[in-house]
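Asker: Structure incoming, see below.
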Amino acid sequence: MSMKTPPLRRLAIAGAVLSLSSLLLTGCMGAAASTGDGTASETGGSAVLAMPSEPGNIDPIMMRSLSAWNMYYAVFDGLTRIAADGSIEPGLAESWTSNDSQDEWEFTIREGVKFHDGSDLTVDDIVYTYEKILASETSTNRVAIAMIDTVTAPDERTVKFTLKNPFSAWLSQVGTIGVVSEADYEAKGAEKFPDAPIGTGPFEFVAWNHGVDYQVKRFAEYWGDPAQLDEVTFSFVGAADARTTGVESGTLDAALVPASQVPVIEASGTAGIIESASNKVALLGVNTTAGALQDEKVRQALPLAIDREQIIDQLLEGFATPTGQPVTDGVTGYVDGFEVPAYDPDAAKQLVEESGYAGEEIVLEYPSSGGDPTDPEVAQAIAANLQDAGLNVKLVGVEQQSLGLTIANHQVKGLYLNFWSPSSMDGDVVVSQLLAGGPEDYARNPDMAQRYLDQQAASEDARTAVFNDIWSWNAEHVSNVPLWQITNAYAASNTLDWTPAVDGIYRAVEIARSAEN
């Protein structure tokens, strides 16, 4: 499928880290560093980055949240770092090793790391962070590291994890855990820490104006490559049109916008659109225990009945790519060349007829508000496709947060429109949640549970084959229907030098202002 390319700036990014400098206009004066492509990148300045939602908490001990990671990656460091392209890089740990069974991991901690209050990072702070999460029953981060048996510090530069079972994705998992200072966290407690946090990240906390924004400034004593911007503000802007207007007027420097708003930005003259492949997959979830959906032939009709190409072209403005697996390129577990179900309404109708389906109502729940602005139209198009195949579909629109709770509580009545974007950039969590006992797994198949364990224990080289087996099982039994990989559309100021990350999370340390030599 080809992308339509409007006349003004549009840069497609598909995993590779590209420089925007040659395409950006200039508007700042000050010291500049060469980017190596004939332009320069400003040192200093500020940026306002829009976020569609505000996390309920910004505390790496208590909250595991996709939106909170924007701030976590600015203020805190993990043992590893998940790069913009999804690869794993050293973080607070400069190196690591594991045993052959991958249930024992040792990390060598770099020297000279300081917290924002000037105190030195120690291995005890790392052990404390993990033990504090495990001891906090209300922490949403707890489940992510529940496989830890013990975490110890054999010496002043080594942290050792002994896991309850082999876990090949451990390097990705520790990249999502921001380390805190034991002394600071204990002094402030969980209630006060989020409003005055101390981390080791490239930026230090300035203010959290609840409901408005989150402000940080460059940390002068950062151990790694210094941030190029002096100040960054994460602005909470829920309305898509407000994000568009903000970038267009210059009050915002970057924002995720719906595809329908792309022409507005491209006509502004002050901003452009950056297309970026994301790790977000749209899928049709299936309660395999509900009514007619218990019949495998009815479920097998679903992926054949949906006209992915038409929905992408007509409703998503081409900002998506059809897929047959619930993870994207760049996420560990992606299988290159995995088959995408062809649109075949006749075959879908035949499967429905063969199943003996008697017209029972099948509920399809979707976000009527709070999600992507196109969700209602997409849900209507999917329902129409399924009805053409002979299924009696009832659309039920609910607010995104309510639908999220319904999904999390394992209470879906039939079908539901949902999205998955693993922040760890590893397919392990996707399998766990969708197919191996998580809240979106209704089949509870013991063979799949074993496949999940096989995936966790597999060596890096062998994991792709196991994932291929898992996705093939899902394609046959249809516990969910992967639909398409989302292509993000970011509106960005013409003076912003920035490459969006695959996971959609801002890496503030990598953002700068552009300038001419």
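The values are calculated or read from the model by the stated rules, or taken from the named source; none is laboratory data. Model, not experiment: these values are computed from the prediction. When we count neighbours, we look across all protein chains shown, and the Cβ atoms used for this are built from the backbone with ideal geometry, even at glycine. These accessible areas exclude ligands, DNA and RNA; they are computed on the full protein's heavy atoms, side chains included. Shrake-Rupley method; radii C 1.70, N 1.55, O 1.52, S 1.80 Å.
Asker: Within the stretch 294-306, take every residue that is part of a helix (DSSP H, G or I) and either in contact with a Gly (Cβ under 6 Å, 6 or more places away or on another chain) or not hydrophobic (A, V, I, L, M, F, W, C) (or both) and give me the one that is most open to solvent (accessible area, probe 1.4 Å). Steps first, answer last, please.
Answerer: First, the residues of the stretch 294-306 that are part of a helix (DSSP H, G or I): 294, 296-305.
Filter once more, so that each one left must be either in contact with a Gly (Cβ under 6 Å, 6 or more places away or on another chain) or not hydrophobic (A, V, I, L, M, F, W, C) (or both): 294, 296-297, 299-300, 303.
Working: Q294: 118, E296: 63, K297: 79, R299: 21, Q300: 50, P303: 16 Å².
The residue in question is Q294.
Asker: Which condition breaks for D117 when tested against (1) assigned to a helix (DSSP H, G or I); (2) in contact with a helix residue (DSSP H, G or I) (Cβ under 9 Å, 6 or more places away or on another chain)?
Answerer: Exception for D117: condition (1).
Asker: Let me ask another. Residues that are farther than 24 Å from V363 by Cα, assigned to a helix (DSSP H, G or I) and at pLDDT below 95: does the stretch 275-283 have at least one?
Answerer: No; the residues of the stretch 275-283 include none that is farther than 24 Å from V363 by Cα, assigned to a helix (DSSP H, G or I) and at pLDDT below 95.
Asker: Keeping to the stretch 243-262, report how many residues are outside any helix (DSSP H, G or I) and closer than 15 Å to I486 by Cβ.
Answerer: 3
Asker: For the stretch 356-399, enumerate the residues that are outside any helix (DSSP H, G or I), out of contact with any Ser or Thr (no Cβ under 8 Å at 6 or more places or on another chain), at pLDDT 95 or above and under 24 Å from Q261 (Cβ atoms).
Answerer: The one that is outside any helix (DSSP H, G or I), out of contact with any Ser or Thr (no Cβ under 8 Å at 6 or more places or on another chain), at pLDDT 95 or above and under 24 Å from Q261 (Cβ atoms): Y366.
Asker: Looking only at the stretch 336-356, which residues are aromatic (F, W, Y) and within 15 Å of R299 (Cα to Cα)?
Answerer: Within the stretch 336-356, just Y343 meets the criteria.
Asker: Working only within the stretch 164-177, note down all residues that are open to solvent by less than 10 Å² (accessible area, probe 1.4 Å) and either in contact with a helix residue (DSSP H, G or I) (Cβ under 7 Å, 6 or more places away or on another chain) or part of a loop (DSSP other than H, G, I, E, B) (or both).
Answerer: F167, A169, G175, T176, I177, listed by residue number.
Asker: For the stretch 317-330, give me each residue that is open to solvent by 20 Å² or more (accessible area, probe 1.4 Å) and more than 23 Å from D346 (Cβ to Cβ). Let's see the steps before the verdict.
Answerer: Our first condition is that a residue be open to solvent by 20 Å² or more (accessible area, probe 1.4 Å); within the stretch 317-330, this holds for 317, 321-322, 329-330.
Across the stretch 317-330, the qualifying residues are E317, T321, D329, G330.
Asker: Scan the stretch 255-280 for residues that are surrounded by fewer than 23 Cβ atoms within 10 Å (Cβ to Cβ), more than 30 Å from Q325 (Cα to Cα) and not polar (S, T, N, Q) and jot them down.
Answerer: Passing the criteria: P263, V264, E266, A267, G269.
Asker: Something else now. On the basis of being within 20 Å of N70 (Cβ to Cβ), crowded, with 17+ Cβ neighbours inside 10 Å and of a type in the set (S, T, N, Q), does T233 make the cut?
Answerer: yes
Asker: Taking the stated definitions as given, is E111 outside any strand (DSSP E or B), open to solvent by 30 Å² or more (accessible area, probe 1.4 Å) and more than 21 Å from E221 (Cβ to Cβ)?
Answerer: The answer is no for E111.
Asker: Looking at this structure, is G330 at pLDDT below 95, at positive phi and under 25 Å from the mean Cα position of the chain (by Cα)?
Answerer: Spelling it out, G330 is indeed at pLDDT below 95, at positive phi and under 25 Å from the mean Cα position of the chain (by Cα).
Asker: Right, another one. If we keep just the residues of the stretch 401-450 that are aliphatic (A, V, I, L, M) and assigned to a loop (DSSP other than H, G, I, E, B), which is farthest from the chain's Cα centre (by Cα)?
Answerer: Among residues in the stretch 401-450 that are aliphatic (A, V, I, L, M) and assigned to a loop (DSSP other than H, G, I, E, B), the one farthest from the chain's Cα centre (by Cα) is A443.
Asker: Please find, among A379, A383, A436, the residue that is free of Cβ contacts under 8 Å to residues at least 24 places away in the same chain, touching a strand residue (DSSP E or B) at 6+ places or on another chain (Cβ under 8 Å) and crowded, with 16+ Cβ neighbours inside 10 Å.
Answerer: A383
Asker: Right, something else. Would you mention how many residues in the stretch 129-150 are within 21 Å of R110 (Cα to Cα) and surrounded by fewer than 21 Cβ atoms within 10 Å (Cβ to Cβ)? Spell out how you get there, then give the answer.
Answerer: At the first step, the residues of the stretch 129-150 found to be within 21 Å of R110 (Cα to Cα) are 129-131.
Right, trim to surrounded by fewer than 21 Cβ atoms within 10 Å (Cβ to Cβ) and you get 131.
Within the stretch 129-150, residues that are within 21 Å of R110 (Cα to Cα) and surrounded by fewer than 21 Cβ atoms within 10 Å (Cβ to Cβ) number 1.
Asker: Could you tell me how many of the residues in the stretch 498-517 are in a strand (DSSP E or B) and either of a type in the set (F, W, Y) or at pLDDT below 95 (or both)?
Answerer: The number of residues fulfilling the criteria is 3.
Asker: Looking only at the stretch 469-479, how many residues end up being within 28 Å of N99 (Cβ to Cβ) and surrounded by fewer than 17 Cβ atoms within 10 Å (Cβ to Cβ)?
Answerer: 1
Asker: May I pose another question? Could you please give the count of residues in the stretch 152-162 that are part of a strand (DSSP E or B) and open to solvent by 10 Å² or more (accessible area, probe 1.4 Å)?
Answerer: Of the residues in that region, 7 qualify.
Asker: Return yes when T251 is touching a Leu at 6+ places or on another chain (Cβ under 9 Å) and open to solvent by 20 Å² or more (accessible area, probe 1.4 Å) and no when it is not.
Answerer: Criteria not met by T251.
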